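Bear in mind that the values in this text are calculations on the coordinates, not laboratory data. Just so it is clear, the structure is predicted and the values come from calculations on it, not from any experiment. Glycine also receives a Cβ, built like all others from the backbone with ideal geometry; neighbour counts cover every protein chain displayed.
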Amino acid sequence: MTSASASPPTAQFRVAVSTPASLGLAAVGLLLLVGLVALPSVAERDLIQDLSFVFYMLALAQCWNLLAGYAGLVSVGQQAFVGLGGYLLFALTIFGNLDPLLAIVLAGVVAGLFAIPTGLVVFRFRGAYFAIGSWVVAEVYRLVFAQIKQLGGGTGTSLPPSVSNGVAGIDWVKTLFDVRAPAARDIITYWAALALAAGTLAVVYLLLRSRRGLALAAIRDQEATAESVGINTVRTKLAVYVLVAAMTGMIGALIYLQKARISPDSAFAVLDWTAYVILIVVIGGIGTIEGPVVGVIVFYLLQRYLADYGTWYLILLGAIAIAVMLFAPQGIWGSLQGRFRLALFPTQRRLERADVSGDRT
Amino acid sequence: MTRSGQRNSIDRRSLLKFSAASGAVLATGMRAPAIAQSRAVKLGYVSPVTGPLAAFAEADNFILANFKEATKGGIKLGNATVPVEVVVKDSQSNPNRAAEVAKDLIVQDKIDLMLVASTPETTNPVSTQCEIEEVPCVSTVAPWQPWFIGRQANPGGGPPAWTGFNYTYHFFWGLEDVIAVFTNMWGQLPTNKSVGGLFPNDGDGNAWGDKQVGFPPVLEKLGYKLTDPGRYQNLTDNFSAQINAFKGANCEILTGVVLPPDFTTFWKQALQQGYKPKAASIGKAILFPVAIEALGRDGNNLSSEVWWSPSHPFKSSLTDVSAKDLAGAYESATKKQWTQPIGFVHALFEVAVDVLKRTPQRGDAKATVKAIAETNLDTIVGHVQWNGAGVPPFAAKNVTKTPLVGGQWRLKDGNKYDIVIVDNRTAPIIPTAGKMEPIG
């Protein structure tokens, strides 16, 4: 810092983040978003359901990517917040009589609050110990919820049809698209999933472009150095952890609104809510925003066409993950990025000569 | 240079996205019925083909092949004969996956009737999806309490808070039956009437150990003393606390509803620590010959509930084969010992065909539900009719029961076991082949 300010540049350099392509893409992205919002008017129900799945897995992957790829917090316990969100949805709608959509937002807030003490405990560990610690915490959550008799204990419980078909706006959607209640509910959860996926993408992107994002990048690259230049690493990491927990909690609530049935073993399933998510990020490319997008598409196609092979499907997923880690440790997008130097969501700061292009965007 | 690289990437990204979407669209298009008149009747079937519950679905391929053979000419609906198609999905023993595949079957495959079998972990998510999707569903192979009470919004709320279901129906037995069977078997032996209860914190364990609907109230009434050390977590590797509690209370009788690997662990540890009850009647864990063989010679005279066996005096409404012949055909086709789910999975398809035959308005969920409710069929597992017989009023609409008896595993030559029916007071129509013997 001091050395940079000691020799001030002669004002023809500037720091740029956007690339021309990324700006063009922002417009395309906005169009895509509008198209996706309007999609239920033309699409069949199964496409809507599949896209909901893609969106909530993408949102989960984006969250985990922020945690592991940027903050260096390799958590294998994110199912703690998925399950917490799911259970909060059930508690808030069944006992609190709240609207499910409102309950999703509240579940996020409460999950964030739970993440503060949880984070303070697990941050006492580092590296592999942190990973194990986060898993242990998720198991503790599972065991605790298995004791709550009102929510079915270890048996689990189902959302009554009056709740799942009582989502706000369901009548409006029913008349708008002329569909039955279950289809209308799907459309609303689809919009909620789309909002969460787009929302997490936006939050992650904006966060990484902000000052805090710079701090995160520094922590990722070398924690000790980051601390030495004045970054409060614990507070930064805790902030990210809490933010991710809140987003994960909202996604969990949405997932279990759609599933309509919850039990401790399913809500806190490490395979479904963390292992698959890690797989998505690893295949796509960890530490990039585009990676999870690519990863979730690959994962969706694999699941869609191969999941019926049961055990062989799981073996194949494992083999793909190992192959990617061995031969393309940066994932699909990471490899492409390395070769073509491209970025759809640029977060890297580049030093450019201001007088070359002349434009000041 | 950078520019062209970026364009390249956009192409790839949108290509992937597009192929995902178009793949999905294509798949729907291909599955959509061309002409409603000639389309097959579609049955969806979910069972745990892989994972820890896979033993329950071991006979599925055999049953499905039988079913295909029996219905290859189609079935009569009114005046028309239409083909039947079964779409089978694997729950992977995972409740999340079960809900997902149920949704797929309903939305993508557009099934007319859902069938689901084996343990609350499979039947409950699938039935829940069917209920909110308004698709008729018949389920089996899960005691009715975990199926019915476990799907209530407030499982602890009691009958006034519990509501019936409009689209989901279940046939199997209930806890009251297994309690009666177990206590009848224990009654054959002279014991101190001290019972140790091994109940996990899962769908079955919570129901069996429940202070209102489970074992405790009935045992108390019959003069048994129950030692219940509390719910344990599944896949525990140390049962010392439970074993000590049972030893301390001198429990000459052991009961519980345990996962197979857990029971193997428990029984080995109990024998090592010198705990050997006179009678051990365990649900779920020792249903399958493989599970009992895993205990080596220590499995002799362990007892279990028997919901179906080759000696059940019933025959199939679909193929007319007797229980004995069905089990025999399975054994010669697969070279494996028969298991209890064979009869029930077969019966599930019997009920399905019977219901479809009485629903000329194919695809009409309300008409199908009405046909299910009016079922009056003698199947290979006994009579199936949702008439509320022996079921409390709150569940009478959705639950019907099939007979249950008690059996004991007897070691025969080598390491093989046979289950011998030793008590039939709950269903005298099913013959016994022996008397209860103490372990030891």
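Can you tell me the convex hull volume per residue for region B:252-344, based on C-alpha atoms, in Å³ to the nearest whole number?
In region B:252-344, the Cα convex hull volume per residue is 104 Å³.
With r defined as the distance between the Cβ atoms of B:Val290 and A:Ala319 and R0 fixed at 30 Å, what FRET efficiency is calculated, to the nearest 0.05?
According to the calculation, E is roughly 0.55.
Angle between the Cα long axis of helix B:95-107 and the longest principal axis of chain B, 0 to 90 degrees, nearest 10?
The helix B:95-107 is inclined about 40 degrees to chain B.
Quick one, could you list the DSSP H helices from chain A stretching 20 Å or more along their long axis (Cα atoms) with average Kyte-Doolittle hydropathy of 0.5 or above?
Span-like helices in chain A: A:20-38, A:45-65, A:79-94, A:100-122, A:127-145, A:181-209, A:233-259, A:290-306, A:311-327.
Can you give the calculated 222 nm mean residue ellipticity of the protein assembly as shown, where each DSSP H run of n ≥ 4 adds -39,500 (n - 2.57) and the sum is split over every residue, rounded to the nearest 500 deg cm²/dmol?
Calculated mean residue ellipticity at 222 nm is -16500 deg cm²/dmol.
Taking 18 Å as the cut-off for C-alpha to C-alpha distance, list the pairs among B:Lys412/B:Lys435; B:Lys68/B:Lys366; B:Lys42/B:Lys357; B:Lys42/B:Lys315; A:Lys174/B:Lys42 that go past it.
B:Lys68/B:Lys366; B:Lys42/B:Lys315; A:Lys174/B:Lys42
Taking N as the number of residues in region A:87-171, what is its alpha-carbon radius of gyration divided by 2.2 N^0.38 Å?
The reported ratio for this selection is 1.33.
Restricting things to alpha carbons, find the Rg to Rh ratio for region B:229-285 using the Kirkwood radius for Rh.
That ratio equals 0.91.
Can you give me the three principal axis dimensions of chain A from its C-alpha atoms, in Å, biggest first?
68, 48, 42
Against the longest alpha carbon principal axis of chain B, how many degrees, from 0 to 90 and to the nearest 10, is the axis of helix B:260-272 turned?
20 degrees
Once you place label points 7 Å from the Cα toward the Cβ at A:Thr311 and A:Val229, how far apart are they in nm?
Each label point is offset 7 Å from its Cα along the Cβ direction, giving 5.2 nm.
Can you compute the FRET efficiency between B:Asn192 and B:Lys412 using 1/(1 + (r/R0)^6), with r the Cβ-Cβ distance and R0 = 22 Å? Round to the nearest 0.05.
0.10
Rounded to whole Å and sorted largest first, what semi-axes of the equivalent ellipsoid does the C-alpha gyration tensor of chain B yield via the square root of 5 times each eigenvalue?
Here the semi-axes work out to 40, 27, 22 Å.
By count of other Cβ within 10 Å, fewest leading, how are A:Ile286, A:Ile231 ordered?
So the residues, fewest neighbours to most, are A:Ile231, A:Ile286.
For region A:202-361, what Kirkwood radius comes out of the mean inverse Cα-Cα distance, in Å?
Value: 18.4 Å, from the Cα pair sum.
Summing Lys, Arg as +1 and Asp, Glu as -1, what charge do residues with Cβ under 9 Å from the Cβ of A:Val17 carry, A:Val17 excluded?
Around A:Val17, the charge tally is +3.
In the protein assembly as shown, which cysteines lack any other cysteine Cβ under 4.7 Å from their own?
When partners are defined as cysteine Cβ atoms under 4.7 Å apart, the protein assembly as shown leaves A:Cys63, B:Cys251 without one.
With the alpha-carbon atoms as the only input, what is the per residue convex hull volume for region B:62-103 in Å³?
86 Å³
Enter the angle in degrees (range 0 to 90, nearest 10) between the Cα long axis of helix B:323-334 and the first principal axis of the Cα atoms of chain B, meaning the one along which they spread out most.
Long axis of B:323-334 versus the principal axis of chain B: about 70 degrees.
Could you list A:Leu317, A:Leu58 so that the one with the fewest beta carbons within 10 Å of its beta carbon is first and the one with the most is last?
A:Leu317, A:Leu58
Going by C-beta contacts inside 10 Å, put A:Met57, B:Met436 in order with the fewest on the left.
Ranked by crowding around the Cβ, least crowded first: B:Met436, A:Met57.
Compute the distribution of all C-alpha to C-alpha distances in the protein assembly as shown, in bins of 10 Å from 0, and list the percent of pairs in each, rounded to whole numbers.
It works out to 2, 13, 22, 23, 18, 12, 6, 3, 1, 0, 0, in whole percents.
For B:Lys221, go through the lysines and keep the ones whose alpha-carbon is under 17 Å away, minus same-chain ones fewer than eight residues off.
Straight-distance partners of B:Lys221: B:Lys193, B:Lys211.
Through the Karplus equation 6.51 cos²θ - 1.76 cosθ + 1.60, θ set to phi - 60°, convert the phi angles of region B:145-155 into ³J(HN,Hα) values in whole Hz; use x for Gly and Pro.
Result, ordered by residue: 5, x, 5, 7, 6, x, 9, 7, 4, 10, x Hz.
Name the shape class, rounded, prolate or oblate, that the alpha-carbon gyration tensor gives for region A:235-306, where a ≥ b ≥ c are the square roots of its eigenvalues, rounded holds for a/c under 1.5, and otherwise prolate holds if a/b is larger than b/c and oblate otherwise.
It is oblate, given that a/c is not under 1.5 and a/b is not larger than b/c.
Assuming a ≥ b ≥ c are the square roots of the Cα gyration tensor eigenvalues, decide whether region B:193-275 counts as rounded (a/c under 1.5), prolate (otherwise, with a/b larger than b/c) or oblate.
oblate
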